[in-house]
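Here the structure comes first, spelled out in structure tokens, and everything after it is commentary.
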Amino acid sequence: MTGVALIGTGRWASQIADAAGRAGLRLVTCFSRDRERRTAFAARIGCESAPSFEAAVEHPDVEGVLIVTPNDAHAEQAIACAQRGRHVFVEKPIADDVASAKRMRDACARAGVTLAVGHAFRRLGAARRAQQLVADGALGQVVLAEANMSLPGSFPPAAWRAQRARNPGGPLMQLGIHHIDTLSAWLGRPRAVAGEFGHVAAAADIDDVGVAVLRFACGAVGAVTGSYVSPKTCSIRLLGTEAVLDYRVDFSVWPQAERMDAASTLTVDGAAIDFDGRDMLAEELEEFARCIHGQARPETGAAEGITALGAVRDALALAAFADEDVRWARVSR
């Protein structure tokens, strides 16, 4: 059984730890800076509590490391793992910025270890079926994509997500980036992007809504939107020259990712489409184990992670660069 260490014991770590078990990985040890939190987490999960990052990564039974920490910690932690010969799975986004992501990519390549990125939503059964329908031409030529992922949250002042500098792009960096990756798998990587972000209702001074407009390799235009201050929403609509596909999830099941497909509907011109349910988190971690043993390559590795991150970062850069009077045409009254 493949032994892994988990770095980070926050809100998402429990889901990754449970999925690792379903995937047949053995969680050997965990580490986070908060001693009480990591001790309690280790007791609940049934693994060791490492006294330091180095102790966790260098544990003799550890072959791979699952990094589930704030975005701006990913690069240094991943590089440190690679330097110790450990394979790396890092939650999305791959890093805080593209330059850091490329340093991660290069370090893992030099060390000859896997770098897998947790863009799991493309693995859902409904998403796989939608991808097949697009590839088979069931919609004709896809010309427009509309996607939203919204998840309300609390933002205590000490939380990293409540700090604008540590959470650039807000809901698009944390949520909408899933749809950017999924649409990239269906329609080809984005070739051009524009964006708009705003602070509308959150107590914290962060962007709580965002929009990225993308032109994909196939020529289709897409709008990916997200909100931190709206009810749970997960949806994608594809408009083709011959048919319209609607993909919706009852997002109330979140964060139980293994229940997503059971809560999903997929239709083409209103007719229900059947699909097989899949466990997206367990599947990506089972693949990671096979990568460690040289039996597979990650479906979402550095290239895919950089593509999705780059789209959000470019949208942010353009929104910040352009004067508001240029970005927004004045409405005639």
* So what is the calculated 222 nm ellipticity per residue for the chain, using -39500 (n - 2.57) for each DSSP H run with n of 4 or more, over all residues, to the nearest 500 deg cm²/dmol? -> -10000 deg cm²/dmol
* **Alpha-carbon centroid distance for the pair the range 29-74 / the range 127-150, whole angstrom** => 39
* Asked: Counting only protein heavy atoms, what percent of the accessible surface of the range 3-75 is carbon or sulfur at a 1.4 Å probe?
  -> 46
* **Overall Cα dimensions of the range 98-203, principal axis frame, Å, largest first** => 48, 43, 27
* **Projected area, mean over directions - the chain, Cα convex hull, nm²** => 17.8
* **Residue-span extension gain [Arg44 to Ala320] - 0.36 nm each, minus C-alpha spacing** => 95.0 nm
* Structure fact -> Taking R0 as 25 Å and r as the Cβ-Cβ distance between Met1 and Glu36, the FRET efficiency 1/(1 + (r/R0)^6), rounded to the nearest 0.05, comes to 0.30
* Debye, to nearest 20: dipole size of the chain, +1 on Lys, Arg Cβ, -1 on Asp, Glu Cβ -> 340
* Give me the percent of the accessible area of the range 228-291 that comes from carbon and sulfur atoms, probe 1.4 Å, all protein chains in place. => 47
* To do: Please work out the Kirkwood hydrodynamic radius for the range 1-132, using every pair of different C-alpha atoms, and report it in angstroms with one decimal place.
  => 15.0
* **For the chain, accessible area per residue (1.4 Å probe, heavy atoms of protein chains only), Å²** => 44
* What's the percent breakdown of Cα-Cα distances in the range 209-333 across 5 Å bins, shortest bin first? -> 2, 8, 11, 14, 17, 20, 14, 8, 4, 2, 1, 0, 0
* Asked: If you take the alpha carbon radius of gyration of the range 147-188 and divide it by 2.2 N^0.38 Å, what ratio comes out, to two decimals?
  -> 1.37
* **Degrees, to the nearest 10: 74-83 long Cα axis against longest axis of the chain** => 40
* Would you compute the Debye intensity of the range 230-303 from its alpha-carbon atoms alone, equal scatterers and no solvent, and pass along log10 I(q)/I(0) at q = 0.11, 0.26 Å⁻¹ to two decimals? => -0.42, -1.10
* Using only the alpha carbon atoms of the range 123-275, find the Kirkwood hydrodynamic radius as the inverse mean reciprocal pair distance, in angstroms to one decimal. => 16.0
* Structure fact -> Restricted to the chain, the DSSP antiparallel beta bridge percent, nearest 5, is 60
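The values are calculated or read from the model by the stated rules, or taken from the named source; none is laboratory data. Model, not experiment: these values are computed from the prediction. Because the Cβ atoms are built from the backbone with ideal geometry, glycine has one as well, and the counts that use them run over all protein chains shown. The protein model used for the area step is the full one, side chains on, heavy atoms only, and it has no ligands, DNA or RNA in it. Shrake-Rupley method; radii C 1.70, N 1.55, O 1.52, S 1.80 Å.
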